[in-house]
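Each value in this text was obtained by applying a stated rule to the coordinates, not by laboratory testing. Here the structure is a predicted model, which means the values were calculated and not measured. A quick note on method: Cβ atoms are made from the backbone with ideal geometry, for glycine too, and the neighbour counts reach across all protein chains shown.
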Amino acid sequence: MGDLVRVTAPLHHRPIAKICASWFHSVKLYALLCRPNRRIEIMSVVDGMRSARSSLASGQAGLKPEDRLLDVGCGSLRGGIHFVRYLNDGHYYGFDIDQRLLGAGRRELAKAGLGDRRLTLLADDAFRFAKFNQQFDYALAQSVFTHLPFNVIMRCLAEIEDALVVGGRFYATFFRNPGRRLNIEPYRASDEITAFADSDPFFYDPDIFRWAVDGSSLEYELIGEWNHPRNQQMLKFTKMNGAG
Ligand SMILES: C[S@@+](CC[C@H](N)C(=O)[O-])C[C@H]1O[C@@H](n2cnc3c(N)ncnc32)[C@H](O)[C@@H]1O
């Protein structure tokens, strides 16, 4: 699992996978509150959460409180709330295409007792991260590429290349094409999600991401399975010093 794998972590370094697991907790709560009759669905999410926890012993990316994190497609801060709590004040930057979701996120933060935390939220329709006037140690796009056509992902990667500090990392999840490259058969990614070659939610062949950053200063790595409850796989892009 690339450098998500490190068994002994300094206590003050919080595994990024651990924070991601909190998302699964939020998803479980969402399923519980919003879909009370879907017990099977809930259980599959809970199981995913358990496996994610068991992989925590070996999973960590070393996000430190002093790092600056860009949460791409942060939505209503379902996961962001855990990062806001963990990171130093002002070090969380949320980005989404939908301004209303960011407003909902601020309300969620207030409900969680984090209303006094400083954070920056930005709505934009073309990944213009430069508007933050800030470079980032980490960036994350959880369940975002799964909804985007590939040319839009290309724009995101192009902007990420400028947004990361050298050595910075961008983690992104996606549904993996289970067949040959020209597979166009819908793919049952989990009990509740079918992914498609050409409509939302999309699946992709991982090599397309390698191709996308070839010749850029982003280095591609497929982390792959990480016990996501809906079987999304993980990509990692590391900003290098100069084009590869
Ligand atoms: C499934 S939600 C994931 C939210 C959050 N990352 C999480 O895991 O809880 C996908 C998010 O991506 C956002 N999104 C979709 N297209 C986008 C784009 N072009 N630019 C920025 N955000 C986008 C949506 O508005 C939505 O909030």
(request) Please give the residues of the range 157-196, grouped as numeric ranges, whose backbone N is less than 11 Å from a label point set 7 Å along the Cα-to-Cβ vector of ASN241. (result) 166-167
(request) Compute the label zone of PHE150 within the range 192-214: residues whose backbone N is under 18 Å from the point 7 Å along Cα-to-Cβ. (result) 195-214
